[in-house]
1. Can you list the helices (runs of 4 or more DSSP H) found entirely within the range 331-412 that contain at least 3 residues being in contact with a helix residue (DSSP H, G or I) (Cβ under 6 Å, 6 or more places away or on another chain)?
2. Mind listing just one residue for me: the one in the range 263-291 that is β-branched (Val, Ile, Thr) and part of a strand (DSSP E or B) and, of those, farthest from residue 331 (Cα to Cα)?
3. Kindly evaluate residue 324 against the criterion of being among the basic types (Lys, Arg), farther than 30 Å from residue 134 by Cα, out of contact with any strand residue (DSSP E or B) (no Cβ under 6 Å at 6 or more places or on another chain) and not assigned by TED's automatic domain parsing to the domain that holds residue 151.
4. Out of the residues in the range 30-47 that are of a type in the set (D, E, K, R) and over 16 Å from residue 114 (Cβ atoms), state the one that is farthest from the chain's Cα centre (by Cα).
5. Looking only at the range 22-54, count how many residues are outside any helix (DSSP H, G or I), aliphatic (A, V, I, L, M) and closer than 18 Å to residue 130 by Cβ.
6. I'm checking my understanding of the structure. Among residues of the range 233-253 that are hydrophobic (A, V, I, L, M, F, W, C) and more than 15 Å from residue 188 (Cβ to Cβ), which one is farthest from the chain's Cα centre (by Cα)?
7. Do any helices (runs of 4 or more DSSP H) entirely within the range 184-238 hold 1 or more residues that are without any contact (Cβ under 8 Å) to a residue 24 or more places away in the chain and surrounded by fewer than 17 Cβ atoms within 10 Å (Cβ to Cβ), and if so, which?
8. If we scan the range 116-129, do we find a residue that is surrounded by 17 or more Cβ atoms within 10 Å (Cβ to Cβ), touching a His at 6+ places or on another chain (Cβ under 7 Å) and of a type outside the set (Val, Ile, Thr)?
Amino acid sequence: MAHLASRSAYENLVERLNRFPQGAPPSDLLYRILQMLFSEQEAQLVALLPIKPFRAAMAAGAWKLSLAESQGILDRLADRGILLDVEVNGQPMYSLPPPMAGFFEFSMMRVRTDVDQKVLAELFYQYLNVEEDFIKALFTTGETQLGRIFVHEPALRDGVLLHVLDYERASEVIRTARCRAVGVCYCRHKMQHLGRACNAPLNVCMTFNDPAESLIKHNIARPIDVQEGLDILQQSYEQNLVQFGENVRQSVGFICNCCGCCCEAMLASKRFGIMHPVQTTNFIPDIDDRTCNGCGKCVEACPIEAMTLVSAGDPRHKKKKKARLDGDVCLGCGICVRCCPEQSLSLRTRPVRVITPLNSTHRVVVMAIERGKLQNLIFDQGALQSHRAMAAILGVILRLPPIKQAMASQQIKSRYFEHLISNMAN
């Protein structure tokens, strides 16, 4: 009976996680991960939390516990990176982040002794890299993705500099962030426990703004200033690491410095590149066949194997090679451009500009529409209690293209919602 009760608590938690656009497909591996991160009581309580940010009083009401007892539970969860908390008008506001980018990563962004991180790393690897259902759901469902690539700034030359917007530069995110922090790279830390990690730097996972404030408060990440952030970025450039960050233009929450062998986003791009699991930059490499000598430096540097060598077709030199790009999977990071010793590669703008969501609310709402989960945001307990949250959700919906508005309307089945869309269209 105890086993059944425990399973029920974690089943409720999985159901709660999957109300968010970035869910977690249930499996035995997922239950084992959650059992390591949550006690049975915590799983039952967290399953009752809303999607939108909430205060301790709301949790106390849902849990039928005193405010002091609820506050203690919430703070202990935040200490372990399960919840994020930020100060709003002098009081903490809590939120349950999705598994990724969220509490999966936070569980390994520092060295811990309260949980066996080697066992956890093995479970993460099996769930994310062997079963693949989670990675497919996270990276290949819908058009709007969790993360995007930042252009490799050392590769920028005069021809494209005028076309690079501020939000496309990782350096600009670092300079303009309200708060900055750095922690251990979850991906390489996980692979380190499995004996598969590369030699890329470990302490290069940067967070910004609200997530940074919460992670600093609970010693999951440490604060850094602008200069140290830029130094970490430069170190990552020198290691040919890809900057993968939150897919928004304003208030970016994270930028990971990714390698092609350990990092989940790059591994997903290798496996599912044609399905565009990561939002690309607005640039793509151009190869000058006249000067390319087939040295292969670009092939070695490409993190997702989008660059290959093919026959140069020279009858006088039958073994001569030249670089060939698979533009359908290329991220447009530009690392290959800087690595070319002959300067045979250069960045050019893509024919159709990639659209980046304005902020996290915009991204989450569009992802929810595309994944058939908008009703979870609209009718979420937290959203219904907050007119401001509801206004933010509807504000995003009413500015969507007509096709996505129609998708949203089908999910909501609401005359009121259809009336709002109709009025905006008129």
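1. Qualifying helices (runs of 4 or more DSSP H): 335-339, 360-370, 374-378, 387-397, 402-412.
2. 287
3. no
4. In this case the residue turns out to be 40.
5. 1
6. 233
7. 226-238
8. yes
The values are calculated or read from the model by the stated rules, or taken from the named source; none is laboratory data. Being a predicted model, the structure only gives us computed values, none of them experimental. Neighbour counts are summed over all protein chains in view; Cβ atoms, including those assigned to glycine, are modelled from backbone coordinates with ideal geometry.
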